[in-house]
1. Kindly provide the set of residues from the range 66-82 that are assigned to a strand (DSSP E or B) and either more than 23 Å from residue 115 (Cα to Cα) or in contact with a helix residue (DSSP H, G or I) (Cβ under 6 Å, 6 or more places away or on another chain) (or both), ordered by number.
2. Restricting to the range 1-24, name every residue that is within 19 Å of the chain's Cα centre (by Cα) and closer than 24 Å to residue 103 by Cβ.
3. I'm checking my understanding of the structure. Among residues of the range 26-65 that are surrounded by fewer than 17 Cβ atoms within 10 Å (Cβ to Cβ), out of contact with any helix residue (DSSP H, G or I) (no Cβ under 9 Å at 6 or more places or on another chain) and closer than 17 Å to residue 16 by Cβ, which one is modelled with the lowest pLDDT?
4. Given the criterion assigned to a loop (DSSP other than H, G, I, E, B), at pLDDT below 90 and farther than 27 Å from residue 68 by Cβ, identify the matching residue among 158, 145.
5. Only one of 85, 127 is at pLDDT 80 or above and assigned to a loop (DSSP other than H, G, I, E, B). Can you tell me which?
6. Does residue 17 satisfy the criteria of being assigned to a strand (DSSP E or B), surrounded by 15 or more Cβ atoms within 10 Å (Cβ to Cβ) and out of contact with any helix residue (DSSP H, G or I) (no Cβ under 9 Å at 6 or more places or on another chain)?
7. Search the range 27-44 for residues that are at positive phi and free of Cβ contacts under 8 Å to residues at least 60 places away in the same chain and pair each with any residue that is assigned to a strand (DSSP E or B) and surrounded by 17 or more Cβ atoms within 10 Å (Cβ to Cβ) when their beta-carbon atoms are under 7 Å apart and the residues are at least 6 apart or on different chains.
């Protein structure tokens, strides 16, 4: 996916570009290509970005450690403000930031990276708690009886003898 040049987007019909997505993202391991669409609209001093994409990833269950497939489905939209970056050298080392300043920004003469934006949105959809099934009981631990604990490897016999001496 090619980055979108923001000044060129302002000259596009309806100041909007719609990208059909059907490819693998380089940093996201998926079983299927990411499929769907991404729409970027230039609205003067901000970009309106929306997407509807899907992909299938292979996850490992946190309880039983089995692999399972999970469908990621993203319907996201975001406003990205267009403003020149502030020179970090001119800012104080510590400063208070208001909630209004916690927004994404891009330079008006720069590029919008659709692949990176989609990567972030898909990563946010990966579940924090990875469970293969709501009824997953985890790894089944078999009860070990004293009879089944007989040594199958004779190299441990000396250690077993020391252990028996200490217990008696």
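1. 67, 68, 72, 74, 76
2. 1
3. For the range 26-65, the residue satisfying everything is 45.
4. Sole residue among the options that is assigned to a loop (DSSP other than H, G, I, E, B), at pLDDT below 90 and farther than 27 Å from residue 68 by Cβ: 145.
5. 127
6. Numbers: assigned to a strand (DSSP E or B): yes; surrounded by 15 or more Cβ atoms within 10 Å (Cβ to Cβ): yes; out of contact with any helix residue (DSSP H, G or I) (no Cβ under 9 Å at 6 or more places or on another chain): no.
No.
7. So the pair list comes out as 36/21; 36/51; 36/53; 36/54.
The values are calculated or read from the model by the stated rules, or taken from the named source; none is laboratory data. Nothing here was measured: the structure is a model prediction, and the numbers come from that model. Don't worry about glycine lacking a Cβ; one is built from the backbone with ideal geometry, like all the others, and counts go over all protein chains shown.
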